[in-house]
Amino acid sequence: MASVFRKLVRRESRNGEGSDKNGCKSKGNSDLKNERKDGEFSNLTQESNTETRHLNSLPAKTTGSNGVKTNDVNEMSSSHAQRVRAKRLMKEFHDVTVRCDNKLFSAELVEDNLYEWNVKLYKIDTDSLLYRDMVETGTKFILLNITFPDNFPFAPPFMRVSAPRIEGGFVLDGGAICMELLTPKGWSSAYTVEAIVLQFSAAVVKGQGRIDRSTKKAFSKKEAESAYKRLVKTHEKYGWVTPPKSEDYIWLLLMGGLGNAHWE
């Protein structure tokens with residue numbers, strides 16, 4: 001997993017050193033092979049700042065006589081947003097794979113894509129019916145798929161259940177998940193991947209989720225996306241009822257605290 005992280009850092013570094021449309025090359029650190037992980041992330045931040053200063057120095061295109069910047073400003077904003085997303089996700093992936101307790105859950109990139117993760121949730125309340133179902137069916141984990149939009153972390157990721165097929169527990173058609181914090185109105189950029197995974201682990205039990213043994217039909221992403229859109233539209237019109245939470249530390253987790261909390 002450490003080698004995957006280093007590969008991501010090198011890839012982002014190369015992206016940061018590419019030439020723009022004017023043939024200008026951004027300055028940055030090109031050799032990060034011997035750096036420690038934390039040092040790599042620090043160098044990437046410095047490189048991003050260098051890139052931003054470079055873009056600011058480019059001649060701007062204008063429209064009309066008012067001298068308002070257009071294309072260059074938009075390109076700089078888009079580049080900055082991409083860098084913010086990449087740096088945030090690299091930090092999150094590092095925290096999840098290195099610092100978090102892997103007995104709770106683990107994460108891996110889908111085909112080395114930083115913007116799509118598969119998360120295996122191992123720990124479910126052992127007193128729940130869902131846990132009993134998992135034992136009886138030999139299910140070792142709940143597989144979650146998470147994709148991160150272009151404007152992450154200022155917009156929520158799309159998270160769905162891939163397997164097993166679950167009924168109830170705030171799990172909708174296709175494996176879409178009914179949680180307010182995963183919608184645009186309920187999302188905060190302060191929320192972490194760890195927090196939303198642990199929130200789901202609480203919500204799926206509170207909602208009395210069960211493994212559907214009546215069919216072997218797998219959840220589909222297309223169906224989940226459709227169900228999520230209906231969910232957002234419905235709650236925008238009628239309001240929201242937050243899934244019940246009895247764990248006092250859930251809110252702190254959502255705000256990035258208690259990173260080492262254990263699920264008992």
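Given the criteria part of a loop (DSSP other than H, G, I, E, B), over 15 Å from the mean Cα position of the chain (by Cα) and modelled with pLDDT of 90 or more, does residue 103 qualify?
Numbers: part of a loop (DSSP other than H, G, I, E, B): yes; over 15 Å from the mean Cα position of the chain (by Cα): yes; modelled with pLDDT of 90 or more: no.
Judged against the criteria, residue 103 is not a match.
Do you know which residues across segment 231-264 are more than 21 Å from the chain's Cα centre (by Cα), at pLDDT 50 or above and surrounded by 12 or more Cβ atoms within 10 Å (Cβ to Cβ)?
Correct list: 234, 235, 236, 240.
Go through (1) closer than 21 Å to residue 164 by Cα; (2) modelled with pLDDT of 95 or more one by one and return the number of the condition residue 87 breaks.
(1) is the only condition that residue 87 fails.
Just need a number here: residues in segment 151-164 that are in a loop (DSSP other than H, G, I, E, B) and crowded, with 19+ Cβ neighbours inside 10 Å. Full working, then the answer.
Residues of segment 151-164 in a loop (DSSP other than H, G, I, E, B): 151-157, 164.
This time we only want the ones that are crowded, with 19+ Cβ neighbours inside 10 Å, so: 152-153, 156-157, 164.
Going through segment 151-164 one residue at a time, the tally reaches 5.
Just checking, how many residues over segment 173-205 are at pLDDT below 95 and at positive phi?
Result for segment 173-205: 0.
Answer yes or no: is there a residue in segment 131-140 that is open to solvent by less than 40 Å² (accessible area, probe 1.4 Å), at pLDDT 90 or above and out of contact with any Asp or Glu (no Cβ under 8 Å at 6 or more places or on another chain). Even if it seems obvious, please write down each step before you answer.
As a first pass, look at segment 131-140 and keep what is open to solvent by less than 40 Å² (accessible area, probe 1.4 Å): 133-134, 139.
Now restrict to residues that are at pLDDT 90 or above: 133-134, 139.
Retained after the next criterion (residues that are out of contact with any Asp or Glu (no Cβ under 8 Å at 6 or more places or on another chain)): 133-134.
Within segment 131-140, one or more residues are open to solvent by less than 40 Å² (accessible area, probe 1.4 Å), at pLDDT 90 or above and out of contact with any Asp or Glu (no Cβ under 8 Å at 6 or more places or on another chain).
The values are calculated or read from the model by the stated rules, or taken from the named source; none is laboratory data. Computed from a predicted model, the values in this text were never measured in an experiment. Note: ideal-geometry Cβ built from the backbone for every residue, glycine included; neighbour counts use all protein chains shown. The protein model used for the area step is the full one, side chains on, heavy atoms only, and it has no ligands, DNA or RNA in it. Shrake-Rupley method; radii C 1.70, N 1.55, O 1.52, S 1.80 Å.
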